[in-house]
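Okay, structure first, notes after.
The values are calculated or read from the model by the stated rules, or taken from the named source; none is laboratory data. No experiment lies behind these values; they were computed from the predicted model shown. All Cβ positions, glycine included, derive from the backbone under ideal geometry; neighbour counts span all protein chains shown.
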Amino acid sequence: MAKVLEVNHLSKSFGGVQAVNDVSFHLEKGQLLAMIGPNGAGKSTCFNLINGQLRPDSGTIRILGKDTRGMKPRHVWALGVGRTFQITATFTSMTVLENVQMVFLSTHRRIRNVWHKTADLYRDEAMELLRLVGVESQWNRPCGILAYGDLKRVELAIALANRPKLLLMDEPTAGMGTKERLKLMELTSRIVRDQSIGVLFTEHDMDVVFGHADRIIVLSYGRLIAEGTPEEVRGNKKVKEIYFGTYAVPPCATSGV
Amino acid sequence: MGFYIVQFLTGLSDASSLFLVAAGLSLIFGVSRIVNMAHGSFYMLGAYIAYVIIAALPHTGISFWGGILLATLAVGVIGIIVEIFLLRRLYRAPELFLLMATFALLLVIQDLARWAFGPEDLIGPMAPGLEGSINILGTLMPTYDLVLIIAAPVVLLFLWFLLTRTRWGILVRAATEDREMLAALGVNQKWLFTSVFFLGSLLAGLGGAIQLPKGGADLLMDMNVIAAAFVIVVVGGMGSIPGAFLAAIIIGELGSFGVLYLPQSTLVMMFLVMAVVLVIRPYGLLGKPELEEGSGESFETVMRPAPKQLRLIGLGILGVLILLPVFGGKYQLVLFGEIALFSLACMSLYFMMGPGGMVSFGHAAFFGGGAYAAALLVHYVRTPMSLALLLTPLCAGLLALIIGWFCVRLSGVYLAMLTLAFAQICWSIVFQWSAFTGGDDGILGIWPAHWASNAVVFYYLTLLISVGGILLLRHLLFTPFGYTMRACRDSRLRADAIGINVTRHQWFSFAVAGVFAGLAGGIYVFSKGSIFPDEMSIPRSFDILLSVLLGGIESITGPIVGSSIFIWLEDKLSNLDFWRLILGCIFIVLVLAFPQGVGGFFGTRFSHFFGEASNDSNPIGKD
Amino acid sequence: MEITQDKKENHYILEVRAINSFYGKAHILHDLSLEMEKGSVAVLLGRNGVGKSTTLKSIMGIVIPKRGEIIFKGRSILGLPSYKICALGLGYVPEDRRIFTGLTIMENLEVGRRPPRKGFEPWTPDRIFKLFPNLKNMKNRLGGQISGGEQQMLSIARTLMGNPELIILDEPSEGLAPVIVDQLGEAIIELKKEGVSILLAEQNLNFARSICDKVFIVDHGRVCFDNAICNLTEEVCEQYLAV
C-alpha cells in the first residue's frame, strides 16, 4: 500500500491522434521510475494528464490513493505533488530565494496576506532548501539571469518545498553537461530516498536513466511497449529497435548507493 | 420585405469599408505587434485626399476612380514614411510604447488634417454612372452602395492569395511567429515590415476613399473607425483575416438593424457584441490562442525597495508639496492637487499593468465610476463628503469585481480590449440614462463639505488621500499579495503548479486597482464640483494609460513622473489652438528619446549615479 | 613566411579573433578565438553557461560583439545584420529549433530558400527529402504538428535551403531519442561529404566524437582547448568538462 501513483488504462487523443493509448503503470515510495520513448511518443501528454493540466478521455489516475479526476494542477499539487518542467518555469522577476519563499507562502495559505513584508517570511526555511540543492550562494540573484544548471536546481528546490510525496520531473537534466547531469541526478536520488518520495521522470540521456532509475517504462506511439527493471529493458529487442538504435546502453549502476 | 433586404445590403456595404480598415490593422498587428492607433487616421486621410483629387479633376468616371486609386496609393506612401521615420526606430522598445507613438501620431494627423482640409464636414462626390438607385421590391437602394458590397470579398480573396500563395505571404506569416529566426534565415525584415505597413495603410486609405460618396469626410472619422476596426479585429480573432471579414459583416449588420430597433443602442452595440464574443470565445471567432508561455524570453525587472537617496528625494518633494500653500497661490494648489490625484489613478493602473501584467484600456471606468458614485450619493441621498469618499472606492471596487470577473479569463491584448468594451458600456449607460445620471449634462453642484471648502484644506485632503493611496499600493507590492501578483504574471504555469489560483488572484488584483482608481475619481469630483460622462470615455482611459507609459512601467516612480508631466502639459497646452499637434509631437520626441519611459530612464540613470547594483535588472538570456 | 600565412588564411572558412560579447552588462565572451577549415566538422564543447551559444550567436550577428573580428570566407562580417551574414553563406540552426509552427513543412522550407551559390549544387525540396526521408511523407503538415525529432530535421533542412557553405548548429542532439540522434549524425556526415562545413555546440560527448574532426572546449568565455577530436583524452574532459 505504498503506491504513490497508480495509472490505469489512461487514454487521451487530440483531434483524432491517439497521444496516450491505454497506458497503465504504478510507482512506489522511494522509487525512481523513468519514462522513455521516442519524441512524440506521448510522454509529455502523460505528464500533463497526471499533473492535471489535461483531462484524460478515459482511465484513472490515483495519487496517494486519491482519484484525481477533475482536479486542476493546483489541487494536484496540494495532494503532495512537486513538478519540474522541461523548459524551466520560474518567476523571473524574483530572486532565487523569493522563488522558494513563494512556495512556502502558498503552502501556508498566506498568498493573500496584505500586511507582512514578503522578505521576512519563511526566509530560513527557503534558505535551508537552497542549501540542500546547492545553490545557496546564488540566493540573492534574479532567477532570470541564472545559469541553466543552477536554474534546474532551483526548480528542484521549488518542487521540494511543500514536502511532496510524488515528484514529476520532465527531462530534469535537459540542456546540461554530462557531469552536471549525473550530479543533479545523484542529488535527486539521495533526497528522494531520504524523504521516501516517489519520482516519475522522463529523460533522453541513457546514462542518467540507467544510472538512477529503479524501473523503466517505454512508450511508443502512445502505447506502453515495455516495462521492467533496467536489466530487462536493456535486453528488450523491440526497445532497441525503436529507441536505442546503435547507442551503447551503459551498464546499470549498482543500486543502494 | 424589400425594406429588410435593402437594410441587409446596406449593412453589407457598411461592412465593406470596415473590413478593409480592419484587415489592414490585423496585418500590421500580426507582423509588427503594433496596436496601431493611427490606423483610423489613414482611413480619414484616404477620404480627404480622394476628395481633394476628385474635386480638382473634371467629373468623369476615370477621374473618380483614378482619384480613389491615387488617394489609396498616397496613403500607402504616407504609411511607408511613418514606418521608416518613426516606427522603425522603436521596434526594440516594448510593444506598448509603439502604441503610444501611434497614438501621438493620431493626435498629430488630426490637427494637420484640420489645418489642411478645414474643420467643416465635406460631402463626397457621386461616382459618375452610379448616381442612381435600384428598386429592390419597392425600396430604393443606392447603386454605389451595391457596388461597395463587392469590395470586401474581392479584397479578402486578394489577401488570401497573397498570404498563402506567394513567397511574400509565407514570409509575412513566418514573421508573425518569429522575427529573429526569419532574419537568421536571410530575410531582411526591415523591408518586409515596411511592405506590410504599406499594404495595411493602403487598405485603410482605400476604405476611406471608397466610402467617400456614401459618408463624405470629416474630422471625427479617425476615432469612429478605429474603435470599430479594433472591435472587428478582436471579435474576428487577432491576425485572422477571414475572422475580420466575418466580424465586419456582423458589426455592419448590427449597425444597420440596430438603428431600426434600438436607436439608442448604437453607441454601445458593438462593444456589447465584443464583450459577449470574448467571454464565450476568448480568442475571437476564428483566432488561435497566443503562445506566450514557453517562449520565456521576457525577463522582468527584479523589484527592490528604492535606494535611500531616491527615498530622500521623494521625501523632499513631499516636503515641498506640504509647504506649497505657504508660497503657492490658489492656481498652484489646484494644479498640484490635480497632479496628486491623477498620480493615484495612474498608480492604480500601473499596479495592475506592471506587476499584475494586465493592461487595461478602460481604466476610466473605475476612475469615472468612482466619481459618479460620489456624485450620485451626494446628489440623491445627500451623503456627507467624508462618507461619500469612504463609499466611493467600495463602489468602484464592486464595479471592478464585476468587470474583472470576465476580464481575467483573458490575457494580453484581448484582456485590454475587453476592459475597453466594458468601459464603453459603462460610459454609454451613464451617457444615455439621463434621467438618473444627467446624461450629457452631467451632475453639477458636488462641492466639498463646509470644513473642507477652503482651498488649502482641500489641497491637504487631496494630498493626504493621494499620497496615502500611492504608499498603500506600494506597500501592497512588497507583501505576499503583491508577490503573488508578480508570480502570476511571470509564469502562470509555475504559479498554478505551486497551488496558486491564478485567475482568482488576478481578479482580486484587478479589484484592488479599481478601488484606488475609484478613490481618485471620488476626490476628483469634489475638486471640480461636477462630473460629466467624458470622465469615463475612451480618451480619459487613454490619458491614464499614456501617462503610465510615459513614465515607464519599470518602476514605481514611473506613473508618478508620467502623470506629473501629463497634467502639466495639459495645463500648459489645452488653451492653444493646435494643442493636439504640439502634444503629439512632444510625445513622439519623448518616445524616441526615452524608449523605456521617462521615469524608467531616470530610474536607471539614478541607480548608475549612486552605484546601485542595477546590472541584475538587465535582461539576460541563458548562456 | 607571409605567403604561407596567406595560404593558411585561404583554407579557413571561418576565423573568430578575440571577440568580446556582452548580454546587457554581463561580459560573456572574453577574447574568444577559433578557426575552422573549409569542409570540416568542428564542435564547441563546454559546460552550461560558458558561452557556447553566445559564440554561435555572435558569429551569426544575433549578438554583436563589442570587440574583436569575425572573418568568413576572407571577409569581415562583424557588425553585419544576420540576414546579410546569412546571404554570405552562413546558415544557423538554433537551439530550440524555432520551426514556424503555423506554416507547413513545404512553407517552412520556402522561408529558408535562397538563390543558388556558385560551385554548389542548389538544395531543392526533392534533394532535402533524400537526406531526410521522414519529412517527405508529411510535406503539408503544419510545423507545430510534428514531433521534436522531425522538427530538428526540418530546422536543419530549412537552413540548407539557403545553400549555406557553413552551418552552425546549436545543441542539435538535445532532447532527442538516441535512435533519432543516430539519424542526425548520419545526416551531418552526409552533408560533410557534400562539402558543407559544420560548426556545432554540443553537450553530448559521444555524439560529438562520432561526427567531428575538430574540437574547441570553451570555458569562462574563452577557448581553452583547441585540437583534433582524436586528441580529446579522458584527462582533458575531466579537466574542463567536469563541474
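Only one of C:ILE105, C:ILE189, C:ILE99, C:ILE146 is within 14 Å of chain A (Cβ to nearest Cβ) and more than 18 Å from the chain's Cα centre (by Cα). Can you tell me which? Explain how you work it out, then say what you get.
Values: C:ILE105 fails: within 14 Å of chain A (Cβ to nearest Cβ); C:ILE189 fails: more than 18 Å from the chain's Cα centre (by Cα); C:ILE99 fails: more than 18 Å from the chain's Cα centre (by Cα).
So the residue among C:ILE105, C:ILE189, C:ILE99, C:ILE146 that is within 14 Å of chain A (Cβ to nearest Cβ) and more than 18 Å from the chain's Cα centre (by Cα) is C:ILE146.
Restricting to the stretch A:39-96, give me the number of residues that are part of a strand (DSSP E or B) and on the phi < 0 side of the Ramachandran plot.
12
I'm told A:TYR148 meets every condition in (1) within 14 Å of chain C (Cβ to nearest Cβ); (2) under 20 Å from A:VAL81 (Cβ atoms) except one. Can you identify the failing condition by its number?
(2)
Go through the stretch A:85-114 residue by residue and tally those that are within 9 Å of chain B (Cβ to nearest Cβ), in contact with a strand residue (DSSP E or B) (Cβ under 8 Å, 6 or more places away or on another chain) and not aromatic (Phe, Trp, Tyr).
Total meeting the criteria: 4.
Enumerate the helices (runs of 4 or more DSSP H) found wholly within the stretch B:423-528, keeping only those where 1 or more residues are under 28 Å from B:LEU410 (Cα atoms) and more than 10 Å from chain A (Cβ to nearest Cβ). Talk me through it step by step, then tell me what you get.
On the way: elements: B:434-437, B:455-478, B:480-490, B:492-497, B:502-528.
So the answer is B:455-478, B:502-528.
With the stretch B:1-103 as the region, which helices (runs of 4 or more DSSP H) entirely inside it contain at least 1 residues that are among the charged types (D, E, K, R) and buried (at least 18 other Cβ atoms within 10 Å of the Cβ)?
Numbers: elements: B:2-32, B:39-56, B:61-85.
In the stretch B:1-103, the matching helices (runs of 4 or more DSSP H) lie at B:2-32, B:61-85.
Assess whether A:ARG163 counts as being closer than 23 Å to B:ASN501 by Cβ, basic (Lys, Arg) and within 11 Å of chain B (Cβ to nearest Cβ). Outline the logic, then answer.
On the way: closer than 23 Å to B:ASN501 by Cβ: yes; basic (Lys, Arg): yes; within 11 Å of chain B (Cβ to nearest Cβ): no.
So A:ARG163 does not fit the description; no.
Looking only at residues that are part of a loop (DSSP other than H, G, I, E, B) and within 14 Å of chain B (Cβ to nearest Cβ) in the stretch C:29-50, which one is modelled with the highest pLDDT? Break it down stepwise before answering.
Here is the first cut: in the stretch C:29-50, the ones part of a loop (DSSP other than H, G, I, E, B) are C:38-40, C:46-50.
Keeping just the survivors that are within 14 Å of chain B (Cβ to nearest Cβ) gives C:46-50.
On the way: C:GLY46: 85, C:ARG47: 78, C:ASN48: 74, C:GLY49: 74, C:VAL50: 82.
Selected residue: C:GLY46.
Is it the case, given these coordinates, that B:GLU120 is at pLDDT below 95, loosely packed, with under 15 Cβ neighbours inside 10 Å and of a type in the set (Asp, Glu)?
Values: at pLDDT below 95: yes; loosely packed, with under 15 Cβ neighbours inside 10 Å: yes; of a type in the set (Asp, Glu): yes.
Yes.
In the stretch C:128-232, which strands (runs of 3 or more DSSP E) lie fully inside it and hold 1 or more residues that are touching a helix residue (DSSP H, G or I) at 6+ places or on another chain (Cβ under 7 Å) and crowded, with 23+ Cβ neighbours inside 10 Å?
Details: elements: C:166-170, C:197-202, C:214-219, C:222-228.
Where strands (runs of 3 or more DSSP E) fall fully within the stretch C:128-232 and carry at least 1 residues being touching a helix residue (DSSP H, G or I) at 6+ places or on another chain (Cβ under 7 Å) and crowded, with 23+ Cβ neighbours inside 10 Å, they are C:166-170, C:197-202, C:214-219.
Out of the residues in the stretch C:108-127 that are touching a residue at least 40 places away in the same chain (Cβ under 8 Å) and part of a helix (DSSP H, G or I), state the one that is farthest from the other protein chains (Cβ to nearest Cβ). Show your work before the answer.
Of the stretch C:108-127, the ones touching a residue at least 40 places away in the same chain (Cβ under 8 Å) are C:108-117, C:120-123.
From what's left, part of a helix (DSSP H, G or I): C:108-112.
On the way: C:ASN108: 8, C:LEU109: 10, C:GLU110: 5, C:VAL111: 5, C:GLY112: 5 Å.
Going through the qualifying residues, I end up with C:LEU109.
Check whether at least one residue in the stretch B:33-47 is more than 16 Å from the chain's Cα centre (by Cα) and β-branched (Val, Ile, Thr), and report yes or no. Lay out the reasoning, then the answer.
Let us first name the residues in the stretch B:33-47 that are more than 16 Å from the chain's Cα centre (by Cα), namely B:42-47.
Right, trim to β-branched (Val, Ile, Thr) and you get none.
No, the stretch B:33-47 has no match at all.
How do the helices (runs of 4 or more DSSP H) wholly within the stretch A:161-239 filter down when requiring 3 or more residues that are free of Cβ contacts under 8 Å to residues at least 40 places away in the same chain: which remain?
Details: elements: A:178-194, A:206-212, A:230-234.
Per the criteria, A:178-194, A:230-234.
Scanning the stretch B:126-180 for residues that are among the charged types (D, E, K, R) and over 30 Å from C:GLY61 (Cβ atoms), which turns out farthest from the other protein chains (Cβ to nearest Cβ)?
Narrowing the stretch B:126-180 to residues among the charged types (D, E, K, R): B:131, B:145, B:165, B:167, B:173, B:177-180.
Then keep just the ones that are over 30 Å from C:GLY61 (Cβ atoms); that gives B:131, B:145, B:165.
Working: B:GLU131: 46, B:ASP145: 37, B:ARG165: 11 Å.
Filtering first and then ranking leaves B:GLU131.
Does A:ILE61 fit the bill of being under 25 Å from A:TYR221 (Cβ atoms), assigned by TED's automatic domain parsing to the domain that holds A:GLU203 and modelled with pLDDT of 95 or more?
Working: under 25 Å from A:TYR221 (Cβ atoms): yes; assigned by TED's automatic domain parsing to the domain that holds A:GLU203: yes; modelled with pLDDT of 95 or more: yes.
It is true that A:ILE61 is under 25 Å from A:TYR221 (Cβ atoms), assigned by TED's automatic domain parsing to the domain that holds A:GLU203 and modelled with pLDDT of 95 or more.
Since C:ALA26 meets every condition but one in (1) under 24 Å from C:GLN203 (Cα atoms); (2) facing another protein chain (nearest Cβ under 9 Å); (3) surrounded by fewer than 17 Cβ atoms within 10 Å (Cβ to Cβ); (4) touching a residue at least 12 places away in the same chain (Cβ under 8 Å), which condition does it not meet?
Only one criterion is unmet by C:ALA26, namely (4).
Does B:GLY208 meet the test of being in a loop (DSSP other than H, G, I, E, B) and either under 30 Å from B:SER537 (Cβ atoms) or touching a Cys at 6+ places or on another chain (Cβ under 8 Å) (or both)?
Details: in a loop (DSSP other than H, G, I, E, B): no; either under 30 Å from B:SER537 (Cβ atoms) or touching a Cys at 6+ places or on another chain (Cβ under 8 Å) (or both): yes.
So B:GLY208 does not fit the description; no.
So which of C:GLU107, C:GLU121, C:GLU35 is crowded, with 16+ Cβ neighbours inside 10 Å, acidic (Asp, Glu) and under 17 Å from C:SER197 (Cβ atoms)? First the steps, then the outcome.
Values: C:GLU107 fails: under 17 Å from C:SER197 (Cβ atoms); C:GLU121 fails: crowded, with 16+ Cβ neighbours inside 10 Å.
Testing whether each residue is crowded, with 16+ Cβ neighbours inside 10 Å, acidic (Asp, Glu) and under 17 Å from C:SER197 (Cβ atoms) leaves just C:GLU35.
Evaluate the following for B:ILE150: is it surrounded by 13 or more Cβ atoms within 10 Å (Cβ to Cβ) and assigned to a helix (DSSP H, G or I)? Break it down stepwise before answering.
Working: surrounded by 13 or more Cβ atoms within 10 Å (Cβ to Cβ): no; assigned to a helix (DSSP H, G or I): yes.
Answer is no for this residue.
With respect to C:THR124, is the statement that it is among the hydroxyl-bearing types (Ser, Thr, Tyr) and within 14 Å of B:ARG173 (Cβ to Cβ) true?
Working: among the hydroxyl-bearing types (Ser, Thr, Tyr): yes; within 14 Å of B:ARG173 (Cβ to Cβ): no.
So C:THR124 fails the test.
Read through the list (1) within 22 Å of the chain's Cα centre (by Cα); (2) closer than 25 Å to B:HIS505 by Cβ; (3) loosely packed, with under 14 Cβ neighbours inside 10 Å, then give the number of the only condition that A:ARG131 fails.
Going through the list (1) within 22 Å of the chain's Cα centre (by Cα); (2) closer than 25 Å to B:HIS505 by Cβ; (3) loosely packed, with under 14 Cβ neighbours inside 10 Å, A:ARG131 breaks only (2).
Here are some conditions: (1) crowded, with 20+ Cβ neighbours inside 10 Å; (2) aromatic (Phe, Trp, Tyr); (3) at pLDDT 95 or above. B:TYR460 meets all but one. Which one does it not meet?
Of (1) crowded, with 20+ Cβ neighbours inside 10 Å; (2) aromatic (Phe, Trp, Tyr); (3) at pLDDT 95 or above, only one is false for B:TYR460: (1).
Quick check on this structure: which one of A:GLY42, A:GLY37 is out of contact with any helix residue (DSSP H, G or I) (no Cβ under 9 Å at 6 or more places or on another chain), farther than 23 Å from A:LEU156 by Cβ, crowded, with 18+ Cβ neighbours inside 10 Å and among the small types (Gly, Ala, Ser)?
Details: A:GLY37 fails: out of contact with any helix residue (DSSP H, G or I) (no Cβ under 9 Å at 6 or more places or on another chain).
Of the residues listed, the single one that is out of contact with any helix residue (DSSP H, G or I) (no Cβ under 9 Å at 6 or more places or on another chain), farther than 23 Å from A:LEU156 by Cβ, crowded, with 18+ Cβ neighbours inside 10 Å and among the small types (Gly, Ala, Ser) is A:GLY42.
One residue is enough: does the stretch B:129-150 have a residue meeting the conditions touching a residue at least 12 places away in the same chain (Cβ under 8 Å) and closer than 20 Å to B:PHE198 by Cα?
No: zero hits.
State the number of residues belonging to the stretch C:57-107 that are part of a loop (DSSP other than H, G, I, E, B) and hydrophobic (A, V, I, L, M, F, W, C). Working first, answer last.
At the first step, the residues of the stretch C:57-107 found to be part of a loop (DSSP other than H, G, I, E, B) are C:61-66, C:73-74, C:77-81, C:88-89, C:94-103.
Subsequent filtering for residues that are hydrophobic (A, V, I, L, M, F, W, C) retains C:62-64, C:77-78, C:80, C:88, C:99-100, C:103.
Total meeting the criteria: 10.
Does B:ALA183 fit the bill of being crowded, with 24+ Cβ neighbours inside 10 Å and either more than 7 Å from every other protein chain (Cβ to nearest Cβ) or polar (S, T, N, Q) (or both)?
Values: crowded, with 24+ Cβ neighbours inside 10 Å: yes; either more than 7 Å from every other protein chain (Cβ to nearest Cβ) or polar (S, T, N, Q) (or both): no.
Judged against the criteria, B:ALA183 is not a match.
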